Amino acid sequence: MEPSRTRPAVTELRLSAFTSHRGAAFPLGPLTLFTGASGSGKTTALRAYESLARLGAGAPLGEAFPDAAACVPERAAADAQGRRGFRIGCTVDGPAGPVRLDLAVQAEPELRIVGERLTGGDQTLLATALRDPGRRTVQAAWHTAGAVPVTRAPLPDDRLGTALLPLRVAGRTQGQLRVLAAAEQAVLALRSVLVCDPQPQLMRRPVAAGRERLGRGCENLPAVLDRLLGRALDPHGALLARLAAAARAGCAGPVTELAVERLADGTVRALLARDDSGVRAATPLERLGEGELRYLALALVLLTGVSTPGVVRPAGPGEVDPALRSLTVLADGFDRSLDRRQARELLSLAAGVCAEGGLRLVGTVADASCVRGTAGATVVDLTP
């Protein structure tokens, strides 16, 4: 049977031994929200996902886990050699079928990957192990299914082996092609991640025009709106119309549209245009409350994430089939500073966008009641 052309997506996050989590496996749908009491591990789950995404994008281990010692399970004892570590993994669904990726990481005394396993179905496609602690490599073995059933070679102990396979596997045998398909599916899903954490205190400042993409803290939102208003990215104004509708639903007052003002020093600031009983006015974004600013930034990310390449991420490599491109937004504190009405409106928008395909959202919420009635939402409740 020809494989499905579904977009690669992480459908399960496993925290086998990671900070406060042990033996945990969390299902991830198109819209997934973690909830639970403070300290239950909501933020930890998103940080683990972000770390896997960084590794999938080619980052070294120290960059993916800048505080690796804090990832070691609480009260975990060191072995006879003084080693302590943690284990995480995920499942990626897509055209190659379900692919499992599991990592064992040593955090002390030296940070290194000591074991990695890539599995498709019941078959191990890649396995690595630390054979010689004195070398900064692991011994890797990947499926070949040719004259030699397995290919063995050393790989760096500070990089994700799965991400290196497309550079090491020739793709001459059916076994090699299967390994490549699984590795590329996992890497494509992991690198298609955007961490979004709007910072209202930064969003209130005018910014230089022309900055290409929305930052992690959404501090350059006025510049992004300026690009959209230029109509090169939104020639028919459909995206701006949807964004204005979202602003009307989540911001106080009779909002008619979003606008941008160019200041004398060359910077730009964003405005909410209003029409109150025939009296037109414009409110600069710096006057809005934290909830309104976070609401607008998250709405912009949801509406432009897949439909407008180059706004929240690069347009993407040309070799990736557009039908397989996707984006997963990680939003810790999704409902932070939002009132209940804003949270529900934003979740409704997220559910609609995620249902369209191509965009996925994994977030945390403090108030689980705002999720009730949201169609298609997967709720992971970490309450003990």
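Details
- For Rg/Rh (Cα atoms, Kirkwood Rh), calculated from these coordinates, the label among (i) 0.99; (ii) 1.02; (iii) 0.96: (ii)
- In order along region 167-177, the phi-based Karplus estimate (6.51 cos²θ - 1.76 cosθ + 1.60, θ = phi - 60°) of 3J(HN,Hα) comes to 8, 10, 9, 6, x, 8, 10, 4, x, 5, 5 Hz; Gly and Pro are listed as x.
- Near the amide H of V195, within less than 5 Å, lie the amide hydrogens of L330, all on another chain or at least 5 residues away, with H placed in the peptide plane.
- Each part reduced to its alpha carbon centroid, region 69-102 and region 366-384 end up 26 Å apart.
- Test item: Cα-centred dipole of region 4-71, Lys/Arg +1 and Asp/Glu -1 on Cβ, debye: 220 debye
- Most to least packed among 187-194, 109-116 [average Cβ atoms within 10 Å]: 187-194, 109-116
- Size of charge dipole - the chain - debye, nearest 20, with Cβ of Lys, Arg +1 and Asp, Glu -1, no other charges: 380 debye
- Label separation (R131 vs A80): 2.2 nm, computed from points 7 Å beyond Cα along the C-beta direction.
- Anisotropy class of region 1-154 from Cα gyration tensor, a/c 1.5 cut: oblate
- Here r is the Cβ-Cβ distance between D367 and D67 and R0 is 30 Å; the resulting FRET efficiency, rounded to 0.05, is 0.60.
- Sorting the segments 273-285, 91-103 by their mean number of nearby beta carbons within 10 angstrom, highest to lowest, gives 91-103, 273-285.
- Overall form of region 263-384 per C-alpha gyration tensor (a/c, 1.5; a/b vs b/c): oblate
- Scanning residues 5 or more positions from L382 or on other chains, those with amide H under 5 Å from its amide H are T35, G36, with H placed 1.01 Å from N in the peptide plane.
- Using a Förster distance of 35 Å, the FRET efficiency for A355-E108 (Cβ separation, nearest 0.05): 0.20
- Largest first, the residues D335, D197, D381, D122 sort by 1.4 Å accessible area into D122, D381, D197, D335.
- Along region 353-361 the Karplus relation, 6.51 cos²θ - 1.76 cosθ + 1.60 evaluated at θ = phi - 60°, assigns HN-Hα couplings of 5, 5, 5, 6, x, x, 10, 10, 10 Hz to successive residues, with x for each Gly and Pro.
- Applying 1/(1 + (r/R0)^6) with r as the Cβ-Cβ distance of R205 and A273 and R0 = 25 angstrom yields a FRET efficiency of 0.80.
- Using θ = phi - 60° and Karplus 6.51 cos²θ - 1.76 cosθ + 1.60, couplings along region 77-84 (whole Hz; Gly, Pro as x): 7, 6, 7, 4, 8, x, 9, 9
- Heavy-atom accessible area with a 1.4 Å probe sorts H236, H143, H21, largest first, into H236, H143, H21.
- Taking amide H as placed 1.01 Å from N in the peptide plane, the amide H of T144 sits under 5 Å from that of V150, T151, each at least 5 places away or on another chain.
- Ranked by the mean number of other Cβ atoms within 10 Å per residue, highest first, peptides 148-154, 73-79 order as 148-154, 73-79.
The values are calculated or read from the model by the stated rules, or taken from the named source; none is laboratory data. Just so you know, these numbers come straight off a predicted model, no measurement behind them. Heads up, the Cβs are rebuilt from the backbone with ideal geometry, glycines too, and the neighbour counts pull from every protein chain shown. Protein only, heavy atoms only, side chains kept; ligands, DNA and RNA dropped before computing areas. Shrake-Rupley method; radii C 1.70, N 1.55, O 1.52, S 1.80 Å.
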